[in-house]
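Peer 1: I'd like to ask you about the structure that follows.
The values are calculated or read from the model by the stated rules, or taken from the named source; none is laboratory data. Just so we're clear, the structure is a prediction, and the values are computed from it rather than from any experiment. So basically every Cβ, Gly included, is an ideal-geometry build from the backbone, and we count neighbours across all protein chains shown. When the accessible area is computed, the model is the full protein with side chains, heavy atoms only, and any ligands, DNA or RNA have been set aside. Shrake-Rupley method; radii C 1.70, N 1.55, O 1.52, S 1.80 Å.
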Amino acid sequence: MKLLKGIVVSPGIAIGKAYLFTTVRRNLPAYEVPAELLSQELARFRGARERAVRELEDLRGRTGPGLPEDRLLESQILMLGDPEFSEQVEQGLAERKKNTEVVLQQVVAALAARLAESGDEYLRERSSDIHDVAERILGQLASPRRPALSELEEECIVVAHTLLPSDLISMDRRKVLGLAADSGGRTSHVAILARSFAIPAVLGLSQLSGEVRTGDLLIVDGTRGQVIVNPDEATLGQYRASREAWQTHELQLLPLSELKAETRDGKLIALESNIEVPEETESALAHGADGVGLFRSEFLYIIPKRFPSEEEQLEAYRRVLSAMKPRPVTIRTLDLGGEKIIPGVTPGGESNPILGWRAVRFCLSRQDVFLDQLRALLRASVHGNLKLMFPMISGVEELEAVLGVLEQAKQELRSKGQAFDEQIPVGIMIEVPSAAFTSDILARRVSFFSIGTNDLIQYLIAVDRENERIAYLYEPFHPGVLRLLKTVIDNAHAAGIPVGMCGEMAADPYAAVVLLGLGLDGFSMSAIAIPEIKRIIRSVTLAEAEELAGSVLELKSQREVDRRVRQWLEERFEFIGSN
Ligand code: PEP
Ligand code: MG
């Protein structure tokens, strides 16, 4: 038995047989091509290239327009169609008198090396896309065709040195129990896709593919970011038990998706889903979401690593709105910056990026980018129940500035006669302490608040949300956090607007009753967390929750709050699942 640690990428536990997916073919044919057979070899290359394009187009047909993976496929089709690329291969075939596989590999290696040396990070990252494109042509040249992940015969855990986004897009998701790869990080395309497909995954395992053979038994623990190769019976037993406990628990919660999130004394709560890519609406609906409470629109930019056009965005927003109709969908405008960057597009080199040029600060200085998004959002509003939300608002001047650009976008549409919802509700995230403390003023200018505790807590306690070493300080039950939440909720209600929460605290079963008691109107979280929170809300009365919240506001320390809440919940609930 061997345990390897990697990067937490997509939660859950998978147990199954390994399938070693080698994208690098070891025995590619290499042979001389005499001059009289050159035209035949050229035709062989062109045919394979055309079939590869058709394969990609076929995949595009299955993904649907506007999705990040669709744009990725589109860019690969463009690479395959690039005349310079074909010229280089064809010239190589004529000069070197070798078969296509050999020449193609040489051309791609030279191209990838050139890109890898580029000073531009965006271009450097394109080198893996070039390999992906070449693999597709090699796949078409091979006879029989290479086994793709779309042709898996049985359920397995896919192990690879490098997984490519197109591998995930084309794979047969019903057969893939888990994913594990030597390379890759948490914000890679592969990581984002694994999460949105709800497949447990660990990346950045460095040596795994060298340690594993097809058929080995594996455990992928996506929650802790580790992989166990050929586990002993005791370990296997433990993991089977925890996987089963989780599955049974989920099954028991499933019927709840049909029911409302209503307290025993009749207070109705909006339980919504956070999404990062349009495809996640399927899971949101399956888990009984009342709507989308946060669509992190920046992933429409991060995945293709460029600013999408107004039309591309319109299509993605329309898809989400149509899928969720008539439920509400809150789309947050671009929140780039901090750890969410587009290499080569957004600026780097800030000494404090988390306190830097991010979100609306970035958008206000790139009004061209901002206006494209605002026009797309406004135009999308005719396709469903859309709410618009601005991130990282720090005070009233910033809010006024953002509303000014929104008005400009509306004027532009009016002058072109393009339809949009004139009454579109506009809200803000409360995630900067200065906004929380002035929420009474801000509440008079907007239709709703959504509290972003991920950032609010990091700024309030001065604790980097990404830093493991100080994670013990990141405390939602800090009395300072609870008092500030109460201020925001009370200020919203005094102004007559609803207040929800879309930070991770909203998905914490231990926090749910306190938040309910503080008066929160809505909770938004990853779809998978909804049933558990719904169960808790349906099991208590608002009066009980208010009493608990009132009593914890009197306590002096996070530890005291934690003890009080745990005791209260554990007296009433048998099992509180962790998210
Ligand atoms: C938050 O800060 O709580 C939030 C929901 O936004 P993000 O996690 O995208 O920063
Ligand atoms: Mg935030």
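Peer 1: Please go through segment 465-477 and give me each residue that is within 20 Å of Leu518 (Cβ to Cβ), away from ligand 2 (no atom under 16 Å from the Cβ) and open to solvent by 20 Å² or more (accessible area, probe 1.4 Å), ordered by number.
Peer 2: Glu475
Peer 1: What's the number of the only condition in (1) at pLDDT below 90; (2) within 28 Å of the chain's Cα centre (by Cα) that Glu155 fails to meet?
Peer 2: (1)
Peer 1: Among the residues of segment 424-448 satisfying the criterion of being more than 12 Å from ligand 2 (Cβ to nearest atom) and touching a residue at least 60 places away in the same chain (Cβ under 8 Å), which is surrounded by the most Cβ atoms within 10 Å (Cβ to Cβ)?
Peer 2: My answer is Gly427.
Peer 1: With the checklist (1) surrounded by fewer than 21 Cβ atoms within 10 Å (Cβ to Cβ); (2) closer than 19 Å to Pro304 by Cα; (3) more than 16 Å from ligand 2 (Cβ to nearest atom) in hand, flag the one item Asp421 doesn't pass.
Peer 2: (2)
Peer 1: Might you check whether a residue that is crowded, with 19+ Cβ neighbours inside 10 Å, within 15 Å of Met389 (Cα to Cα) and within 16 Å of ligand 2 (Cβ to nearest atom) occurs anywhere in segment 312-323?
Peer 2: No: segment 312-323 contains no residue that is crowded, with 19+ Cβ neighbours inside 10 Å, within 15 Å of Met389 (Cα to Cα) and within 16 Å of ligand 2 (Cβ to nearest atom).
Peer 1: Could you tell me which of the residues Gln238, Gln226 is out of contact with any Cys (no Cβ under 8 Å at 6 or more places or on another chain) and over 12 Å from Gly6 (Cβ atoms)?
Peer 2: Gln238
Peer 1: Let me ask another. Quick one: which of Ile303, Ile331 is over 29 Å from Leu460 (Cβ atoms) and among the β-branched types (Val, Ile, Thr)?
Peer 2: None of the others qualify; the one that does is Ile303.
Peer 1: Let me ask another. Suppose we keep only residues that are not small (Gly, Ala, Ser) and not in a strand (DSSP E or B) within segment 3-22. Which one would you say is nearest to the chain's Cα centre (by Cα)?
Peer 2: Pro11
Peer 1: For the subset of segment 499-521 comprising residues that are modelled with pLDDT of 95 or more and open to solvent by 10 Å² or more (accessible area, probe 1.4 Å), which member is nearest to ligand 1 (Cβ to nearest atom)?
Peer 2: By that ranking, first place goes to Gly500.
Peer 1: Determine whether segment 449-464 contains at least one residue that is of a type in the set (S, T, N, Q), over 23 Å from the mean Cα position of the chain (by Cα) and either at pLDDT 95 or above or open to solvent by 60 Å² or more (accessible area, probe 1.4 Å) (or both).
Peer 2: There is no residue in segment 449-464 that is of a type in the set (S, T, N, Q), over 23 Å from the mean Cα position of the chain (by Cα) and either at pLDDT 95 or above or open to solvent by 60 Å² or more (accessible area, probe 1.4 Å) (or both).
Peer 1: Can I ask one more? So which residues in segment 297-306 are buried (at least 19 other Cβ atoms within 10 Å of the Cβ) and either outside any helix (DSSP H, G or I) or in contact with a helix residue (DSSP H, G or I) (Cβ under 6 Å, 6 or more places away or on another chain) (or both)?
Peer 2: The answer is Ser297, Glu298, Leu300, Ile303, Pro304, Lys305.
Peer 1: Please determine, by comparing only the residues of segment 325-358 that are at pLDDT 95 or above and among the hydrophobic types (A, V, I, L, M, F, W, C), which one is farthest from Met501 (Cα to Cα).
Peer 2: Out of the qualifying residues, it is Leu334.
Peer 1: Sticking with this one: Return the residues of segment 483-498 that are touching a helix residue (DSSP H, G or I) at 6+ places or on another chain (Cβ under 6 Å) and either away from ligand 2 (no atom under 16 Å from the Cβ) or open to solvent by 10 Å² or more (accessible area, probe 1.4 Å) (or both); say none if nothing qualifies.
Peer 2: Result: Lys486, Ile489, Asn491.
Peer 1: Something else: When segment 251-265 is examined, which residues are found to be under 27 Å from Leu542 (Cβ atoms) and open to solvent by 40 Å² or more (accessible area, probe 1.4 Å)?
Peer 2: Hits for segment 251-265 are Gln252, Leu254, Pro255, Glu258, Leu259, Lys260, Glu262, Arg264, Asp265.
Peer 1: Only one of these is open to solvent by less than 10 Å² (accessible area, probe 1.4 Å) and either of a type outside the set (S, T, N, Q) or within 16 Å of ligand 2 (Cβ to nearest atom) (or both): Leu399, Leu355, Leu403. Name it.
Peer 2: Leu399
Peer 1: Any residue at all in segment 329-339 that is part of a loop (DSSP other than H, G, I, E, B), within 16 Å of ligand 2 (Cβ to nearest atom) and open to solvent by 30 Å² or more (accessible area, probe 1.4 Å)?
Peer 2: Looking through segment 329-339, at least one residue is part of a loop (DSSP other than H, G, I, E, B), within 16 Å of ligand 2 (Cβ to nearest atom) and open to solvent by 30 Å² or more (accessible area, probe 1.4 Å).
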